[in-house]
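Worksheet for the structure shown next.
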Amino acid sequence: MGKFAIKKTNTGFTISLKAGNGEVIGIGGEVFNTLASAKNSIESIKTNAPIANVEDQTTEGFEAAKCPKFEIYKDNAGEFRFRLKARNGEPILASEGYKAKASCENGIESVRKNAPDAAVEEPEA
């Protein structure tokens, strides 16, 4: 089972989603000022990931999908990445770079599978 890890930094809180094997499959879209706002973002990911559409921006003439959605795109290094956008269009989770598009698509499926029931690991006080 996956888990969300909340980490305290000098500037606030960051979140990451880890698969059952401990691999990071996504990181939060921003640094949060409060623990409560980090937790709110986690709830948004849990709610949106299972129902999100997929918009593959790497195909020519792709059709824009309605939010919530996963966007598949290529970064400047030519690697495939995804980002999850909430209903309001805000990015709430982003992936690492993948050499193969199939690996990126597997990452999306892993988020769908792991996020809804993931435990939340809070930073130590």
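Numbers at a glance
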{"item": "Considering residues of segment 66-82 that are in contact with a helix residue (DSSP H, G or I) (Cβ under 7 Å, 6 or more places away or on another chain) and farther than 20 Å from ALA118 by Cα only, the residue least open to solvent (accessible area, probe 1.4 Å)", "result": "ILE72"}
{"item": "Subset of segment 22-65 [in contact with a strand residue (DSSP E or B) (Cβ under 9 Å, 6 or more places away or on another chain), among the charged types (D, E, K, R) and surrounded by 11 or more Cβ atoms within 10 Å (Cβ to Cβ)]", "result": "GLU30, LYS39, LYS46, GLU55, ASP56"}
{"item": "Residue within segment 40-60 that is touching a residue at least 60 places away in the same chain (Cβ under 8 Å) and in contact with a helix residue (DSSP H, G or I) (Cβ under 6 Å, 6 or more places away or on another chain) present", "result": "yes"}
{"item": "Looking only at segment 1-20, and only at residues there that are β-branched (Val, Ile, Thr) and in contact with a Gly (Cβ under 7 Å, 6 or more places away or on another chain), the one that is surrounded by the fewest Cβ atoms within 10 Å (Cβ to Cβ)", "result": "THR14"}
{"item": "LYS8, sole failed condition from (1) without any contact (Cβ under 8 Å) to a residue 60 or more places away in the chain; (2) basic (Lys, Arg); (3) in a strand (DSSP E or B)", "result": "(1)"}
{"item": "Residues satisfying the stated conditions in segment 85-99, i.e. buried (at least 17 other Cβ atoms within 10 Å of the Cβ) and not in a loop (DSSP other than H, G, I, E, B)", "result": "LYS85, ILE92, LEU93, TYR98"}
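Residues checked against (1) farther than 29 Å from ASN10 by Cα; (2) of a type outside the set (D, E, K, R); (3) modelled with pLDDT under 95:
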| position | (1), (2), (3) |
| --- | --- |
| GLU55 | yes, no, no |
| PHE70 | yes, yes, no |
| GLU79 | yes, no, no |
| LYS85 | no, no, no |
| ILE108 | yes, yes, no |
| ALA118 | no, yes, no |
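The values are calculated or read from the model by the stated rules, or taken from the named source; none is laboratory data. Predicted model only: the values in this text are computed from it and were never measured. All Cβ positions, glycine included, derive from the backbone under ideal geometry; neighbour counts span all protein chains shown. Ligands, DNA and RNA are stripped out before the accessible areas are found, and what is left, the full protein with its side chains, is counted by its heavy atoms. Shrake-Rupley method; radii C 1.70, N 1.55, O 1.52, S 1.80 Å.
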